[in-house]
1. Taking the stated definitions as given, is GLU172 at pLDDT 95 or above and acidic (Asp, Glu)?
2. Can you work out which of the residues in segment 1-33 that are modelled with pLDDT under 50 and among the aliphatic types (A, V, I, L, M) is surrounded by the fewest Cβ atoms within 10 Å (Cβ to Cβ)?
3. With respect to SER89, determine if the residue is within 15 Å of ARG25 (Cα to Cα) and either of a type outside the set (A, V, I, L, M, F, W, C) or in a loop (DSSP other than H, G, I, E, B) (or both).
4. Determine the pairs where a residue that is farther than 13 Å from GLU211 by Cβ, located within segment 178-200, has a partner that is β-branched (Val, Ile, Thr) and surrounded by 14 or more Cβ atoms within 10 Å (Cβ to Cβ) with Cβ atoms under 6 Å apart, the partner being 6 or more residues away or on another chain.
5. Quick one: ARG160 ticks every box in (1) within 20 Å of the chain's Cα centre (by Cα); (2) part of a loop (DSSP other than H, G, I, E, B); (3) basic (Lys, Arg) bar one, so which box is it?
6. Residue pairs, Cβ under 8 Å, 6 or more apart or interchain, first in segment 78-97 and without any contact (Cβ under 8 Å) to a residue 40 or more places away in the chain, second crowded, with 20+ Cβ neighbours inside 10 Å and in a strand (DSSP E or B). List them.
7. Is it the case that SER169 is in a loop (DSSP other than H, G, I, E, B), out of contact with any Leu (no Cβ under 8 Å at 6 or more places or on another chain) and surrounded by 19 or more Cβ atoms within 10 Å (Cβ to Cβ)?
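The values are calculated or read from the model by the stated rules, or taken from the named source; none is laboratory data. Just so it is clear, the model here is predicted, and its values are computed rather than measured. As a convention, Cβ positions derive from the backbone with ideal geometry for all residues, glycine included, and neighbour counts pool all protein chains shown.
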Amino acid sequence: MQEGTVDEIHKGAVDEPVISLRTVRAELGAKPVLRGIDLTVRRGEVVALLGANGSGKSTTVRAVIGQVPVVSGEIDLFGVPRRRFRQWSRVGYVPQRTTAAGGVPATVTEVVASGRLSRARFGLLRKADREAVRHALELVGLADRAKDPVDALSGGQHQRVLIARALASEPELLIMDEPMAGVDLASQEVLADTLREQVSRGVSVLLVLHELGPLEPLIDRAVVLRDGCVLHDGPPPKALGQHALPGHDHVHPHDDADADHLRTGLLS
């Protein structure tokens, strides 16, 4: 396993891709969902996947972590073909909002600690592991709820637990699927601050978003999907902002012509 902190590993490797998808195609129930996706996330980048419902955003991230089979194309993680990639402690994954404990009675600490097992020896948590769990809870503002059952938490707090679980392994790459969906504004701000701290350490981030919201200042690139294809890959389209992203039908007469053309393409 690769040694060193995220900061140490990050030095001298700014342009190294941590995720690389090349002409990736995927199907769900024999229905084409991804139709030749090309996507690269480099070290230290924060890349947002945007698009209307059904455009292929979640399928893309699930293909990256191996939850969706790929019909053709290639996926590499840290320069290694995904089929041969084994260093999953380097990757933190936050799924779409769900019950943090999956219906099993558990405390906040127990759920977050499960994210540390990939680094634990023989499944036993050492002092360093327990410290990482404690720090992850502090990052998401839930240190005071460590011993509480997750069933006692609000929806936004559930989401924070899932993010803390991903952070517990001290990953170099965070993959997050709709982390802001259904989360109250206070929790959105906490999550934005947490992500900002991770990015400052050189962590790479790929996240699915419905709207940019408080994460907008952190986004380096936006990859907009439509019908399983990449429609836009570059700086976040300013006209989309927080209220005119795919899936919204707000009209802003003051948008410039180029931005209006892009928005029309996204919503059609």
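1. It is true that GLU172 is at pLDDT 95 or above and acidic (Asp, Glu).
2. Among them, the one singled out is MET1.
3. For SER89, the condition - within 15 Å of ARG25 (Cα to Cα) and either of a type outside the set (A, V, I, L, M, F, W, C) or in a loop (DSSP other than H, G, I, E, B) (or both) - is not met.
4. Pairs that qualify, where the first residue is farther than 13 Å from GLU211 by Cβ and the partner is β-branched (Val, Ile, Thr) and surrounded by 14 or more Cβ atoms within 10 Å (Cβ to Cβ), are THR194/VAL140; VAL199/VAL46.
5. Checking ARG160 against (1) within 20 Å of the chain's Cα centre (by Cα); (2) part of a loop (DSSP other than H, G, I, E, B); (3) basic (Lys, Arg), the one that fails is (2).
6. PRO81/ILE75; ARG82/ILE75; PHE85/LEU77
7. It is true that SER169 is in a loop (DSSP other than H, G, I, E, B), out of contact with any Leu (no Cβ under 8 Å at 6 or more places or on another chain) and surrounded by 19 or more Cβ atoms within 10 Å (Cβ to Cβ).
Results for (1) within 23 Å of SER204 (Cα to Cα); (2) at pLDDT 85 or above, shown as yes or no for each residue.
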| position | (1), (2) |
| --- | --- |
| THR99 | no, no |
| GLY103 | no, no |
| ALA106 | no, yes |
| THR109 | no, yes |
| VAL112 | yes, yes |
| LYS127 | no, yes |
| ARG130 | no, yes |
| ARG134 | yes, yes |
